[in-house]
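Participant: Right, I'll just put the structure down here and ask away after.
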Amino acid sequence: MSKLLVVVFLFLGFGTVKSPENNPSLETLSPSNPVNQPSKSRIIEAKNYVKKNGLDTAKCIFIDMKVHSGRNRLFVYDFQKQSVIKSALCAHGSGKGNMDGKIAQFSNVPESHCSSIGKYKIGKRGWSNWGVHFNYKLHGLESTNSNAYDRFIVLHAYEYVDDAEIYPEYLVTSWGCPMVSNNTLLYLDKVLKSTQKPVLMWIYN
């Protein structure tokens, strides 16, 4: 076998090796990578849900708890533009008996300090002791988050939540609330004030 053939063979062989970009994981995803964003089927389900339940049909907020907390995992989706218009960090609940709080635990039980998965209706704007001092009440719409309002689970800010991704570090945790940075909540505030009907927030894992 000539040297030229050997070089060609090695080049073709190495070309078949999977790279992180071809086989993305939570650790290798970039902020702009669409793999990190809501799936098409989830977007379709959300679109049908808001129409059926009288919620806002312009915007929706998705929070993917499978994504590392140091990565962007909150996504504001524009149904008209058919695209994510904002992505941001979002903290999960600390839980109880959770060794270090790095992995999200889910519960609908009061005082569990866990996040609750499911669809929420974003309610009224209220006062907050944390961050920029306002929050949004959350109404759980499913059996997995039906106690959210009584548990005082709200969308709020906290000054120790970063604006940019901090991976491989983890975010601070909350007592079950989806918790964002001050600047992210200010952005969401503008979005929520611009809508005609309550907005759907969907937390999933």
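Participant: How far, in nm, would the chain grow between ASP189 and LYS102 when pulled straight, counting 0.36 nm per residue and subtracting the alpha carbon separation? Intermediate values should be presented prior to the final figure.
Facilitator: Details: separation 87, 0.36 × 87 = 31.32 nm, distance 2.75 nm.
28.6 nm is the gain from fully extending ASP189 to LYS102.
Participant: So what's the net charge close to TYR120: Lys and Arg +1, Asp and Glu -1, counting the other residues with Cβ under 11 Å from its Cβ? Don't jump to the answer; show the numbers that get you there.
Facilitator: Details: positive: LYS119, LYS121, LYS137; negative: GLU142.
Around TYR120, the charge tally is +2.
Participant: For LYS119, go through the aspartates and glutamates and keep the ones whose alpha-carbon is under 18 Å away, minus same-chain ones fewer than eight residues off.
Facilitator: Partners within reach: GLU45, ASP56, ASP64, ASP78, GLU142, ASP150.
Participant: If Lys and Arg each add +1 and Asp and Glu each add -1, what is the summed charge of the other residues whose beta carbon sits under 12 Å from the beta carbon of THR57?
Facilitator: Combined, the nearby Lys, Arg, Asp and Glu give +3.
Participant: Report the trypsin sites (Lys or Arg not before Pro) located in region 60-91 that are in a DSSP loop and have at most 14 other Cβ atoms inside 10 Å of their Cβ, or state none. Let's see the in-between values first.
Facilitator: Details: sites: LYS66, ARG71, ARG73, LYS81, LYS86; in loops: LYS66, ARG71, ARG73, LYS81.
Passing both the DSSP loop test and the Cβ count: LYS66, LYS81.
Participant: Which of the lysines could a cross-linker bridge to LYS96, judged by Cα under 22 Å and excluding same-chain residues fewer than eight apart?
Facilitator: In chain and number order, the partners are LYS66.
The numbers here are math on the coordinates, done by the rules we state, and not lab data. Note that this is a predicted model, so its numbers are computed, not measured. When we count neighbours, we look across all protein chains shown, and the Cβ atoms used for this are built from the backbone with ideal geometry, even at glycine.
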